[in-house]
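Take a look at the structure set out below.
The values are calculated or read from the model by the stated rules, or taken from the named source; none is laboratory data. Because the structure is predicted, anything quoted here is derived from the model rather than measured. All Cβ positions, even for glycine, are placed from backbone atoms using ideal geometry, and neighbour counts span all protein chains on display. When the accessible area is computed, the model is the full protein with side chains, heavy atoms only, and any ligands, DNA or RNA have been set aside. Shrake-Rupley method; radii C 1.70, N 1.55, O 1.52, S 1.80 Å.
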Amino acid sequence: MADFSGKHGLIVGVANKRSIAWAIARAAAGRGARLALTYQGRFEEHVQELSQGLAEPPLVLPCDVASDADIESVFARVDQEFGGLDFLVHGAAFAPRDELTAPFVNTTREGFRIALDISAYSLIALTRAAAPLMEKRGGGSVLTLTYLGSTRVFPNYNVMGVAKAALEATVRYLAADLGPRNIRVNAISAGPIKTLAAAGIGGFSTILNVYRDRAPLRRNVEAAEVGEAAAFLLSDAGKAITGEVLMVDSGFHVTGM
Ligand code: NAD
Ligand code: IMJ
């Protein structure tokens, strides 16, 4: 499989060992990448502890993706330590809890703003900061994580569906903008996985059962499998692919009934 030796990557969105971003970190580090991981304040201890488990200790930095100052200092540090960047993984998403329980029609202006800021705009801000570092390496690969709720309606996904639609459109516009600089931008649309972002979502086990029963592969997806697909898109194996949303969902999205 793809060799990441000599490559440097930045991974945003690790909260704990179940995080999809952590599975991607393991896939990349396992293939020889040197990593920087960022965490959102409250997850510092978890991420520091997890990072001990990687063969080469990563750079671990705080980053609230709503903060331009945080983003600026992360890339300054990464440039200082790595002298450039080969890939960026964006795995941050958030909507205020109430927005995922109230009827969609009751979505608030502030809930909408926050969901789109954290879950979609942050990809633009991070990619803009990454671009000059990637140019030093003759190009790079950016990857984000999305969900089928961007184009189909799932109960309670609500404003997150709107944010994921914006995120996927952002992938296409960034791909077109940065393609001439050999920077690729893609998304993986993962099937449901029991992570922190899924914890406490009413009926999540039902969702997992529906996928397992109806998906062509008749099973759910594991975070490690998203990690493998991510390694493909982040590596030279994917070097002609940009602006794409790759479905990693056991084929669920093709089903009609
Ligand atoms: P997770 O809770 O482990 O990851 C979400 C991450 O977002 C956390 O690390 C959290 O710290 C981070 N985050 C939230 N607000 C932030 C902020 N202001 N600044 C910085 N980071 C912030 O859950 P996950 O399921 O691994 O989610 C990762 C991505 O995968 C998300 O984009 C999610 O939408 C997407 N996704 C998840 C599933 C699923 O079923 N779990 C399916 C498809 C796509
Ligand atoms: C989340 C809510 C409702 C339905 C859902 C999900 N389905 C799936 C998810 C069907 C698969 C998980 N997912 C794809 C997400 O993107 C989750 C994002 C998320 C989760 C929370 C929970 C805690 C909180 N805010 C959140 N914001 C975004 O307070």
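Accessible surface of Asp64 in the full protein assembly, 1.4 angstrom probe, to the nearest 10 Å²?
About 70 Å², rounded to the nearest 10.
When the Kirkwood hydrodynamic radius is evaluated over all pairs of different C-alpha atoms of the stretch 58-97, what value in angstrom, to one decimal, is obtained? List each step's numbers first, then the result.
Details: mean 1/r = 0.0864 Å⁻¹.
This gives a value of 11.6 Å.
Taking the alpha-carbon centroid of each part, what is the distance from the stretch 17-79 to the stretch 139-203 in angstrom?
That distance is 19 Å.
Between Ala165 and Asp98, how many nm apart are label points set 7 Å from Cα along the C-beta direction?
Here the modelled spin labels are 2.3 nm apart.
If I compute solvent accessible area with a 1.4 Å probe over the protein chains, what percent of it on the stretch 126-209 is carbon and sulfur? Mind showing how you got there, number by number?
Details: 1990 of 3400 Å².
Here carbon and sulfur together make up 59 percent of the probe-accessible area.
I'm checking a number: the convex hull volume of the Cα atoms of the chain, normalised per residue, in Å³. What is it? Don't skip to the end; give the middle numbers.
Numbers: hull volume 31.4 nm³, N = 257.
Each residue corresponds to 122 Å³ of Cα convex hull volume.
So what does log10 I(q)/I(0) come out to for the stretch 1-88 at q = 0.12, 0.15, 0.22, 0.23 Å⁻¹, using the Debye formula with one equal point on every Cα and no solvent?
With no solvent term, the Cα-only Debye profile gives -0.31, -0.50, -1.07, -1.17.
Counting only protein heavy atoms and a 1.4 Å probe, tell me what percentage of the stretch 1-84's accessible area is made up of carbon and sulfur. Working shown, then result.
Working: 1740 of 3980 Å².
Here it works out to 44 percent.
To the nearest 20 debye, what is the magnitude of the charge dipole of the chain about its Cα centre, counting +1 on the Cβ of each Lys and Arg and -1 on the Cβ of each Asp and Glu? Could the numbers behind the result be given before it?
Values: 25 positive and 26 negative charges, 128 e Å.
It works out to roughly 620 debye.
Per residue, how big is the convex hull around the C-alpha atoms of the stretch 181-257? Give it to me in cubic angstrom, could you?
Dividing the Cα hull volume of the stretch 181-257 by its residue count gives 110 Å³.
If I take every Cα pair under 8 Å that is 6 or more residues apart in the stretch 43-192, average their sequence separation and divide by the length, what percent do I get for the relative contact order? Before the final figure, lay out each step's value.
Numbers: 213 pairs, mean separation 36.4, N = 150.
It comes to 24 percent, rounded to a whole number.
Give the relative contact order (percent, whole number) for the chain; include only Cα pairs under 8 Å separated by 6+ residues. Mind dumping the intermediate values first?
Values: 501 pairs, mean separation 52.0, N = 257.
Averaging sequence separation for qualifying contacts and normalising by length gives 20 percent for the chain.
Quick one: 3J(HN,Hα) in Hz for the stretch 217-232, Karplus 6.51/-1.76/1.60 with θ = phi - 60°, rounded, Gly and Pro as x.
In residue order, the calculated couplings are 7, 6, 7, 8, 9, 9, 4, 4, 6, 5, x, 5, 5, 5, 4, 4 Hz.
Probe of 1.4 angstrom, ligands and nucleic acids ignored: what's the accessible area per residue over the stretch 116-216, in square angstrom? Let's see the in-between values first.
Working: 4120 Å² over 101 residues.
Normalised by residue count, the accessible surface of the stretch 116-216 is 41 Å².
Applying the Karplus parametrisation 6.51 cos²θ - 1.76 cosθ + 1.60 with θ = phi - 60° to the phi angles of the stretch 84-100, what ³J(HN,Hα) value in whole Hz is obtained for each residue in order, glycine and proline being reported as x?
x, 8, 9, 8, 9, 10, 10, x, 9, 8, 6, 9, x, 2, 4, 5, 9
Exceeding 22 Å between C-alpha atoms, which entries from my cross-link table qualify? They are Lys136/Lys164; Lys17/Lys239; Lys164/Lys239; Lys17/Lys194.
On the way: Lys136/Lys164 30 Å; Lys17/Lys239 29 Å; Lys164/Lys239 24 Å; Lys17/Lys194 11 Å.
As for pairs spanning more than 22 Å Cα to Cα, those are Lys136/Lys164; Lys17/Lys239; Lys164/Lys239.
Please turn the phi angles of the stretch 235-241 into ³J(HN,Hα) values with the Karplus equation 6.51 cos²θ - 1.76 cosθ + 1.60 (θ = phi - 60°), one per residue in order, whole Hz, x for glycine and proline.
These are the phi-based 3J(HN,Hα) values: 8, 5, 4, x, 6, 10, 10 Hz.
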